[in-house]
Every structure is written in structure tokens, then in C-alpha cells.
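Encoded as C-alpha cells, the structure appears first; notes follow it.
The values are calculated or read from the model by the stated rules, or taken from the named source; none is laboratory data. Computed from a prediction, not measured in an experiment: that's the story for all the values here. So basically every Cβ, Gly included, is an ideal-geometry build from the backbone, and we count neighbours across all protein chains shown.
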């Protein structure tokens, strides 16, 4: 055990050194995967290496391919950092090595899930008696919640899909917004409803589903809405959708990977008004709650429908007198994700989470104002933490994005918005300070000036 203790102490030293480097670190990785493969993947070793040597190689070689997404100036994908309390909880969970599939296999795993679940439902203003599952992320959260919706709408027509399959089932109409996220379609494919066999509802200029364009539905049907467009941050009018389609054999689902956390803010909650009237919700914890990857939550109003879609029976499984996690999740064997969520909420509290969400949104508005004042074109209404900006034509915008990524002060990604190339700035880290925003804004504008300068001279 002394060797194990020394190894963990050295791990903590190396991890601490990495975290200390984040404020000044070049945000992009210094080596790509193609360069790292030969360095990490030579001949299969005949004899195992000492753990201390493995750790050193990972840190010194693998560390060159690490993106500083845990740092304060990563604005690419909607990625949170790692709260210190959640990081510590993750390390402890790995040391405990619990299979958190049941109360018997891990009483602590089951307990922290129940508490964390109750806290999250209260923060999001969702029904306290809803069923919930800790999963890998929003893709699996959508999958899980949609499987429960599929069960509900087909049971309304006398068909038990989990017992009898889809072969003889009534056809389910699936309605999605034109700007639905790509992972929603992946989830629809995985539950057998088809990625393309959907009714697409037009969206407005901000990507919001147009309620006036909803089809007249006769069930069974599932309507998939969105809380927080991945580009613009806009919210579908979920309450109005519920009014328009409400029926016993129609379910309304909300994909709220990051936008659902707006409900943690008294000032921003109005953006998600009506969301609580839906039947199910999907969100990520590794985005705005800032827990380690991977962590998502599927929430279903009717806990019995979630349990019916996800439960499993086997002679060796424990007696289910109480709530066991494996009855509500796609996985049976699973790590203790709930511990990291519990630690994050305990660390922030209601007020701290509200401050985090509101600060990131204020910082997004500062990005937009600074870029607009410099003559750049802001393409969206900055209502949340997402900013879309163009620097002229598509060629110039693409060059600015690449230049910013190479320059390294911050990292922003590209997207397509209403037929145009755009830089997307997503602010969702607890570690981002106002100074980080100003440093990043200055770096973006330096690159933009360099890209636009020759073009304007030639013109």
C-alpha cells in the first residue's frame, strides 16, 4: 500500500501542476492524435511497465495532446470546467470503485443519487416525484427519456413495446424543430423511431420552433422541443407547444443539454417558462454544472414509465423493495456519477449556481458588445451564454476561427448559422473571470484585424 500511496501522491502532484498551468496555458493541444499514436502506441509490451512509469508517460507525452477545456478561456463546445469539489469526489469515487447499479452493491452510490436527484429537481423547478437517471450525457439522456415516452404513447394504444417490440406497434409520429440538435436524431435512431422519419417544424430566425407551424396530431406521438439552441441559445416556447398538442397519447420532451440550467437563475428562468409542463427532460451535468465528464440526467414526469422502459429482471439481482438505480438507467454496471453531481451542488449551493449561470451570461453579452463595437457582426440575440459572430464573408470568418485556435489565448469553434459561417463562443465555465473575457476578446480582435487587414488593402 505504500507504493500505491506514493503513486497517488505523485498523481496529485502532476494533476495539480496541470491545473496550476491552466490560466497561462496555450488552450489548444500542442500535438495532434496522429503525432501521439506512435509515441504512446509502440509494440505491445511483453512485460508490464511500473505504474510510476505509466503515469510519467501519460503526463509527459499524453499531456501534449490535452486541450485546456478545464481552463478559463475555452469557449468552443459547450463545456464546463471541473469544480474542485467534483474533481475530488471523482477521485474518491474511482478509489472506492463502486458499481453503483443498486443499493446492495453500493449503499452510498444509491444514497447520493437520491439526494442529488432531489436537489437538481428543486433547482430546475421540475416535479419532485419525477423519475430520474444519471447517464453519460445528453445523448443518452434523450435516449432514456424518449424510450419512456415511446412506452407511454404506445401503452395508450394498448401496445407494450418493451415486451412486444415495434414490429406490430402503431406508428408513432415524431415531431422535431428544424433546429433540433443532431444527438436527438441519434437517440431517435437508437430507439427504433428513425432519424429521418420525423415531421420537421420550421424555426424562426433564432432557431425557435414555430408553434403556428405545428401539425395537427393524432397519437401516438412525441413532440421534441429544445431548451437552449446549441448555436443561438434560444428556447422553444415549450408551454405553448404543450397547449397545442396536449393529449393522452402525445408526449412532449425537452432537450435541455445546457439551457435547462437557466432555470437556476431567477432572472433567466423566464427564458424557459413552460418547460415544467413537459413530460420529460434531458440535460448535461458536465456542461453548466461543471462536473467531470461524463455526466447527464434523464428526467421523466411519470417515474413508472421510466422504470418500465429501463428495468431488468434476473434471478441474481437484489429484491427491489426500494429504488435501485439500475431500474431507471440504460446501464446496469455503472460508475458513481451521482457523487460528482452531489459534490457540485453541495459546493455551489442554490445561490452559487445562480451566480455562475448569470455571470457566464453576462460575460457572453460582454463578448458580443466588444465584438460589435469593433465592427464585427453578431448574428444572434444573445439571450443566454452563446454568441455567434461573423468577421465578413465565410472565408474571412473561417480564417479568424483558425487563427484564434492557433494563437492560443482562447479557443472558439466554428458553426453554420442561417447559411453563413460563424464563430461560436460558448461561456459555461466556473473558472472564467472577467479578465479572461477581456484577454480573449483582445486576442480575437487582433487575429480578426490581421485577417481583415490585407483584404481591405486589396479592396
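Below are the figures for this structure:
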item: Test: residue in segment 369-392 that is touching a helix residue (DSSP H, G or I) at 6+ places or on another chain (Cβ under 9 Å), part of a helix (DSSP H, G or I) and without any contact (Cβ under 8 Å) to a residue 40 or more places away in the chain; result: no
item: Answer from 338, 352 - the residue that is assigned to a helix (DSSP H, G or I), within 23 Å of residue 144 (Cα to Cα) and either at pLDDT 95 or above or in contact with a helix residue (DSSP H, G or I) (Cβ under 8 Å, 6 or more places away or on another chain) (or both); result: 338
item: Residue count, segment 205-218 (criterion: within 21 Å of residue 195 (Cβ to Cβ) and either part of a strand (DSSP E or B) or in contact with a helix residue (DSSP H, G or I) (Cβ under 6 Å, 6 or more places away or on another chain) (or both)); result: 3
item: Any hit, segment 186-202, residues being closer than 18 Å to residue 152 by Cα, modelled with pLDDT of 95 or more and in contact with a strand residue (DSSP E or B) (Cβ under 7 Å, 6 or more places away or on another chain); result: yes
item: Filter result for residue 352 (free of Cβ contacts under 8 Å to residues at least 60 places away in the same chain, within 20 Å of the chain's Cα centre (by Cα) and over 30 Å from residue 377 (Cα atoms)); result: yes
item: Helices (runs of 4 or more DSSP H) lying entirely in segment 19-117 (those with 3 or more residues that are within 22 Å of the chain's Cα centre (by Cα) and at pLDDT 95 or above); result: 84-96
item: Matching entry among 236, 255, 279 (being over 27 Å from residue 414 (Cβ atoms), at pLDDT 95 or above and in contact with a strand residue (DSSP E or B) (Cβ under 8 Å, 6 or more places away or on another chain)); result: 279
item: Which numbered condition residue 201 fails, given (1) under 30 Å from residue 378 (Cα atoms); (2) touching a helix residue (DSSP H, G or I) at 6+ places or on another chain (Cβ under 6 Å); (3) surrounded by fewer than 19 Cβ atoms within 10 Å (Cβ to Cβ); result: (3)
item: Given (1) more than 23 Å from residue 238 (Cβ to Cβ); (2) free of Cβ contacts under 8 Å to residues at least 60 places away in the same chain; (3) under 20 Å from the mean Cα position of the chain (by Cα), index of the condition residue 179 fails; result: (1)
item: Matching residues in segment 126-137 - criterion: being more than 19 Å from the chain's Cα centre (by Cα) and either touching a residue at least 60 places away in the same chain (Cβ under 8 Å) or part of a helix (DSSP H, G or I) (or both); result: 127, 129, 130, 131
item: Single residue of 329, 398 found to be assigned to a helix (DSSP H, G or I) and either crowded, with 23+ Cβ neighbours inside 10 Å or free of Cβ contacts under 8 Å to residues at least 60 places away in the same chain (or both); result: 398
item: Scan of segment 403-440 for residues that are assigned to a helix (DSSP H, G or I), in contact with a helix residue (DSSP H, G or I) (Cβ under 9 Å, 6 or more places away or on another chain) and surrounded by fewer than 22 Cβ atoms within 10 Å (Cβ to Cβ), ordered by number; result: 403, 406, 407, 434, 436, 438
item: Failed item, numbered, when residue 144 is tested on (1) surrounded by fewer than 24 Cβ atoms within 10 Å (Cβ to Cβ); (2) in a helix (DSSP H, G or I); result: (1)
item: Matching entry among 220, 215 (being farther than 25 Å from residue 416 by Cα and surrounded by 18 or more Cβ atoms within 10 Å (Cβ to Cβ)); result: 220
